[in-house]
Amino acid sequence: MFGLKLALLSAVLLAGALGGALPLLRRETEGSDRLLGWGNAFAAGVFLAAGIVHLLPDADGVFRAQGFEYPMAFALAGMAFAFMLLVEHVLLPEQAHEEVHAPSGERFARIAAHHHDALSAYAVLTALSIHALLAGLALGAEADVARALVIWLAIVAHKTAAGFALGVSLARSQLPKRQAWTLIALFSSATPLGGVIGAIVGETVEGRLGAALEASFLSIAGGTFIYVATFDILRDEFPAHGGRFAKWCVLTAGIIAMSALALWA
């Protein structure tokens, strides 16, 4: 199981690195805004279903099997949601907030615009890395192969886009190229780092405490996934003009596809 997790985490690292490298390799990237919007919408559906259909029910089941009567999984998910809101909408500088939350079309258009300062790029790195670290903790701590694959699919569905958002911010900043590549590497490593920590905790802590920690990681990841789907993607994609029904269809397809996995996972 540990070898499988390493392979999954390596794939996540590669996805984040590729997404972040593209804007740095081509400062004026040209691509299909429509396809990017569809990809974001599909990722949002995957994240929603992963959090609501898979992670939170599983975490609640583990907590109740350990004798918890209080709905701890949902409370922790709510706190994780509130924490991400604090990081991105209260503590994050306004310039970095605009960079992370620009609709997909505007994100392409802004690549060649004026430079942001380095603080904005670091703030984007912090916000996106917290997402990645929490998701990695859940993946690493998960002992069930089917549930681990569900978490991995949800992470990969958005990791490339998140890396791209960071790469855009770095491409527009005044940071030296070597420093920008270092930040991309740090972001790409956040999920594997969380995965290794979660795996070590899962292997060393057993019994009731180990089960409670696993359920806590799943709950926190569930709240984070729901936040990413709503505040990071849907809130920005659907106000953009054009293609809303197509995005809704792709979003729904993502929800159905991930929910269907619950028949086997």
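Among the residues in the stretch 162-171, are any closer than 22 Å to E142 by Cβ and not aromatic (F, W, Y)? Lay out the reasoning, then the answer.
Residues of the stretch 162-171 that are closer than 22 Å to E142 by Cβ, as a first pass: 162.
Of the ones still in play, those that are also not aromatic (F, W, Y) are 162.
Looking through the stretch 162-171, at least one residue is closer than 22 Å to E142 by Cβ and not aromatic (F, W, Y).
Taking the criterion of being open to solvent by 10 Å² or more (accessible area, probe 1.4 Å), assigned to a loop (DSSP other than H, G, I, E, B) and out of contact with any Asp or Glu (no Cβ under 7 Å at 6 or more places or on another chain), would at least one residue in the stretch 198-209 satisfy it? Walk me through how you get there before you give the answer.
Residues of the stretch 198-209 that are open to solvent by 10 Å² or more (accessible area, probe 1.4 Å), as a first pass: 200-209.
Right, trim to assigned to a loop (DSSP other than H, G, I, E, B) and you get 205-206.
Okay, now just the ones that are also out of contact with any Asp or Glu (no Cβ under 7 Å at 6 or more places or on another chain), so 205-206.
Yes: one or more hits.
Collect the residues in the stretch 1-60 that are of a type in the set (V, I, T) and either closer than 30 Å to G78 by Cβ or at pLDDT 85 or above (or both), keeping them in residue-number order. Walk me through how you get there before you give the answer.
Within the stretch 1-60, the first condition is being of a type in the set (V, I, T), and the residues that meet it are 12, 29, 46, 52-53.
Within the stretch 1-60, V12, V46, I52, V53 meet the criteria.
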Worksheet item: What is the number of the single condition among (1) surrounded by 15 or more Cβ atoms within 10 Å (Cβ to Cβ); (2) touching a residue at least 12 places away in the same chain (Cβ under 8 Å) that L85 does not meet?
Response: (1)
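Within the stretch 169-180, does at least one residue satisfy the condition of being farther than 30 Å from Y122 by Cα, assigned to a helix (DSSP H, G or I) and either open to solvent by 60 Å² or more (accessible area, probe 1.4 Å) or among the acidic types (D, E) (or both)? Quick ask: steps written out before the conclusion?
Pass one, the stretch 169-180, residues farther than 30 Å from Y122 by Cα: none.
No, the stretch 169-180 contains no residue that is farther than 30 Å from Y122 by Cα, assigned to a helix (DSSP H, G or I) and either open to solvent by 60 Å² or more (accessible area, probe 1.4 Å) or among the acidic types (D, E) (or both).
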Fill in: Close pairs from the stretch 193-215: first farther than 28 Å from L14 by Cα, partner part of a helix (DSSP H, G or I) and open to solvent by 50 Å² or more (accessible area, probe 1.4 Å), Cβ under 7 Å, at least 6 apart
V205/L213
Worksheet item: Checking T160 against (1) open to solvent by 30 Å² or more (accessible area, probe 1.4 Å); (2) at pLDDT below 70, which test does it fail?
Response: (2)
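Being β-branched (V, I, T), at pLDDT 90 or above and buried (at least 17 other Cβ atoms within 10 Å of the Cβ) narrows it down to one of I256, I226, I233, so name that one. Full working, then the answer.
Numbers: I256 fails: buried (at least 17 other Cβ atoms within 10 Å of the Cβ); I233 fails: at pLDDT 90 or above.
Result: I226 is the single residue among I256, I226, I233 that is β-branched (V, I, T), at pLDDT 90 or above and buried (at least 17 other Cβ atoms within 10 Å of the Cβ).
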Item to complete: Pairs only if they're at least six apart or on different chains, beta carbon under 8 angstrom, first in the stretch 146-161 and touching a residue at least 60 places away in the same chain (Cβ under 8 Å) and within 15 Å of S259 (Cβ to Cβ), second open to solvent by 10 Å² or more (accessible area, probe 1.4 Å) and not in a helix (DSSP H, G or I); list them, first residue then second.
Response: A146/W264; A146/A265; R147/A265; L149/A265; V150/A265
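The values are calculated or read from the model by the stated rules, or taken from the named source; none is laboratory data. Small disclaimer: the values here were computed from a predicted structure and weren't measured. Cβ sites come from the backbone with ideal geometry, for glycine too, and all protein chains shown count toward neighbours. Quick note on the areas: whole protein, heavy atoms, side chains included, nothing else; ligands and nucleic acids left out. Shrake-Rupley method; radii C 1.70, N 1.55, O 1.52, S 1.80 Å.
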